[in-house]
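Structure first, then comments.
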């Protein structure tokens, strides 16, 4: 679904007094019940199914799959059964005819900006809907929101509180949140981490930086989901299952550390360095490794980097040229197949 395809859904409003959703027409709010199964597929084969009834509106896949399919799955399948939760609730309470309603499942991933809408005719008492999503479309978390929409236009009647515009929301459900990847902060919160797919000249680099006054932002390339997921495994260091993770972590983090440390600009004589600056502290850490104690000595090591007008761009181009992202992703993928 193209970003913005959801514009046919009438906007709901927030009441400023209580920050709750209020609607411009009658809606069966949170009256839809979502049941069914989520399937975990790998290479076309369903390896595990999860009953939605026991999830309580959220699923933590990394924990659910621990010790089983692990992180090698490539597709999620959904087999949904949706119905109104009380006998006295009928869809015709908010529209003229059942044939005027349709079920819509909205799927959203903030990390990858992925959006999808799956629609089907509304059927009473239960609407059945099946679909699947490839893993390369999303990262971190999926949010599933079932709704019933009006699929025709009515003549507006000012005396009634019923929806009359095509796309208006007639019924809603609590969302189903699916955590698909463990996302801890690799840098103790000192570096903001964001996710997006890279394109063009940066397509094959694993990460790049945006430098802000607050703190640097590292952008991870979500084209290489297995690598990013590997870096976030919570298993303690030294476990046989984490040897590859430990190797990749050291390679990536040492490169990130040097990249950020080299961005410390030399201070003027009247200035002093902010002891809380991540650039200053990383420079001192690099200096310690290189047996350099004075900041002036450390900065001389980085002097050639300071001549580059855009270090982030240079780093990205070098990663892309040497295809760092695809190389590490293939290593991770092959390791997963062998295990």
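The values are calculated or read from the model by the stated rules, or taken from the named source; none is laboratory data. These numbers come from a predicted model, not from an experiment. Don't worry about glycine lacking a Cβ; one is built from the backbone with ideal geometry, like all the others, and counts go over all protein chains shown.
State whether one or more residues within the range 159-175 are assigned by TED's automatic domain parsing to the domain that holds residue 78, touching a residue at least 24 places away in the same chain (Cβ under 8 Å), closer than 30 Å to residue 197 by Cβ and buried (at least 18 other Cβ atoms within 10 Å of the Cβ).
Among the residues of the range 159-175, at least one is assigned by TED's automatic domain parsing to the domain that holds residue 78, touching a residue at least 24 places away in the same chain (Cβ under 8 Å), closer than 30 Å to residue 197 by Cβ and buried (at least 18 other Cβ atoms within 10 Å of the Cβ), which makes the answer yes.
Looking at 303, 283 in this structure, which one is assigned by TED's automatic domain parsing to the domain that holds residue 215 and modelled with pLDDT of 70 or more? If you could, list the steps in order and put the result at the bottom.
On the way: 303 fails: modelled with pLDDT of 70 or more.
Matching residue, one of 303, 283: 283.
I'd like the full set of residues that are touching a helix residue (DSSP H, G or I) at 6+ places or on another chain (Cβ under 9 Å), within 20 Å of residue 27 (Cβ to Cβ) and part of a strand (DSSP E or B), limited to the range 109-126.
Result: 117, 121.
Those residues that are part of a loop (DSSP other than H, G, I, E, B), in contact with a strand residue (DSSP E or B) (Cβ under 7 Å, 6 or more places away or on another chain) and either outside the structural domain of residue 174 (by TED's automatic domain parsing) or surrounded by fewer than 20 Cβ atoms within 10 Å (Cβ to Cβ) (or both), I need them from the range 73-89; list them, please. I'd like the intermediate steps shown before the answer.
Pass one, the range 73-89, residues part of a loop (DSSP other than H, G, I, E, B): 73-74, 85-89.
If we keep only those that are in contact with a strand residue (DSSP E or B) (Cβ under 7 Å, 6 or more places away or on another chain) as well, we get 73-74, 85, 89.
Result: 74, 85, 89.
Being at pLDDT below 85, touching a strand residue (DSSP E or B) at 6+ places or on another chain (Cβ under 7 Å) and over 30 Å from residue 25 (Cβ atoms), is that true of even one residue in the range 139-151? Write out each step before concluding.
First, pick out the residues of the range 139-151 that are at pLDDT below 85: 139-140.
Okay, now just the ones that are also touching a strand residue (DSSP E or B) at 6+ places or on another chain (Cβ under 7 Å), so 139-140.
Now restrict to residues that are over 30 Å from residue 25 (Cβ atoms): 139-140.
Among the residues of the range 139-151, at least one is at pLDDT below 85, touching a strand residue (DSSP E or B) at 6+ places or on another chain (Cβ under 7 Å) and over 30 Å from residue 25 (Cβ atoms), which makes the answer yes.
Of all residues being loosely packed, with under 14 Cβ neighbours inside 10 Å and not in a strand (DSSP E or B) in the range 25-46, which is modelled with the highest pLDDT? Just the residue, please.
44
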